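Working notes, beginning with the structure itself.
Read the figures in this text as sums done on the coordinates, not as results from a lab. Just so it is clear, the structure is predicted and the values come from calculations on it, not from any experiment. Here the Cβ positions follow ideal geometry from the backbone for every residue, glycine too, while neighbour counts run over all protein chains shown.
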Amino acid sequence: MSHLDWGLSGKTVIVTGATGAIGRAVAEGFAEAGCRVAVVDRDQIACDSTANALGGGHRGYGTDLRQIGQLPALVGRIETDLGLASVLVNIAGIILRTNDLFSVTEEDWDAQHDINLKALFFLTQAFAKRLADTGTPGSVINYSSQGALSGGLSGSVVYNATKGAITTMTRGMARSWAPLGIRVNSVAPGLVDTPMLKVPGQTEADREAMIRSIPMQRLGLPEDHVGVTVFLASDMARYMTGAMINVSGGLLMY
Ligand SMILES: NC(=O)c1ccc[n+]([C@@H]2O[C@H](COP(=O)([O-])OP(=O)(O)OC[C@H]3O[C@@H](n4cnc5c(N)ncnc54)[C@H](O)[C@@H]3O)[C@@H](O)[C@H]2O)c1
């Protein structure tokens, strides 16, 4: 028996948010590992362009994941086109920053919960149902955040509440589906240098202070998340489920 068998070659992997900063890097990692990647994001043209850039055998699925009723059909279409997906990476998400907690509106609340939490739950449910129905083992990786533990700052409390719920839900899903051979883990990025990190009115001094708060003295990059995500999906992580992996340059240590 080889101890270093990734076991990913030929697998179909669904990556949501796959035309975004971290999602695209992760999709590239799975393509390099020999997987067929279903590139899922809001815009069909961007999805097609990302899928083509990955090479042959990948496909784009322009989808608003908040259309909950269509998620089982999306999983079905991917299965028809690329084969049964046995890995799902939930990366799609949004942050709506506010000045403080007093300015959060119901719309802000619903918008962030609808994509970050509700869509993630129902897509994972549809994905896992196909695995359960076919007796196929699989793996889910949910993108949380270091804010799941810290709670974030006043302008991002609601966003971070969705991330805390993702971490909690990851554990519940992991426990529920372990007997089916479906592993569920989460990744918690720290401060990653993507458009999502931009705060209106942020100065260069604010950015430098943010960098100084990180023990490794640099912001995260999208590519910093590829190895850990591919690892969690692979047979190398076969005894791991319910974990949250901190990828924050030491910003939080747990
Ligand atoms: N950037 C950071 O500092 C940071 C820190 C911690 C966690 N994260 C998490 O990492 C993930 C990726 O972050 P990023 O910085 O790459 O962000 P990003 O904005 O570049 O990517 C998010 C992607 O999600 C997609 N998306 C949003 N709503 C959607 C919908 N309704 N349907 C389909 N797709 C939708 C967007 O189109 C986008 O491509 C997110 O879940 C984010 O919360 C990011």
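Brief remarks follow.
- Comparing THR136, ALA27, ILE95 along the charge dipole axis of the chain, the residue lying farthest to the positive side is THR136, per the Cβ-charge model.
- Given charges at Cβ of Lys, Arg, Asp, Glu: region 147-254 dipole, positive-most of ILE214, GLY250, ALA161: ALA161
- Taking the C-alpha atoms of the chain, convex hull volume expressed per residue in Å³: 131 Å³
- Relative contact order of region 40-191: 22 percent, from C-alpha pairs under 8 Å at least 6 residues apart in sequence.
- Amide hydrogen neighbours beyond the local backbone of LYS11, cut-off 5 Å, H modeled: ARG36
- Under 5 Å between amide hydrogens, built in the peptide plane, is the criterion, and for MET244 it picks out SER186 among residues at least 5 positions away or on other chains.
- For the chain, calculated [θ]222 nm from helices alone, where every DSSP H run of n ≥ 4 adds -39500 (n - 2.57): -12000 deg cm²/dmol
- With R₀ fixed at 30 Å, the C-beta to C-beta distance from GLU204 to GLU107 puts the FRET efficiency at about 0.40.
- Contour excess over end-to-end distance, with Cα ends at THR98 and LEU221 and 0.36 nm allotted per residue: 41.8 nm
- Spin-label model, VAL157/GLN125: points 7 Å from Cα along the beta carbon direction are separated by 2.9 nm.
- Taken about its Cα centre, the chain carries a charge dipole of roughly 640 debye when the Cβ of each Lys and Arg holds +1 and the Cβ of each Asp and Glu holds -1.
- In percent, rounded to a whole number, the relative contact order of the chain is 20, using alpha-carbon pairs under 8 Å and six or more apart.
- Short-range pairs are left out: with C-alpha atoms under 8 Å and at least six residues apart, the relative contact order of region 138-236 is 32 percent.
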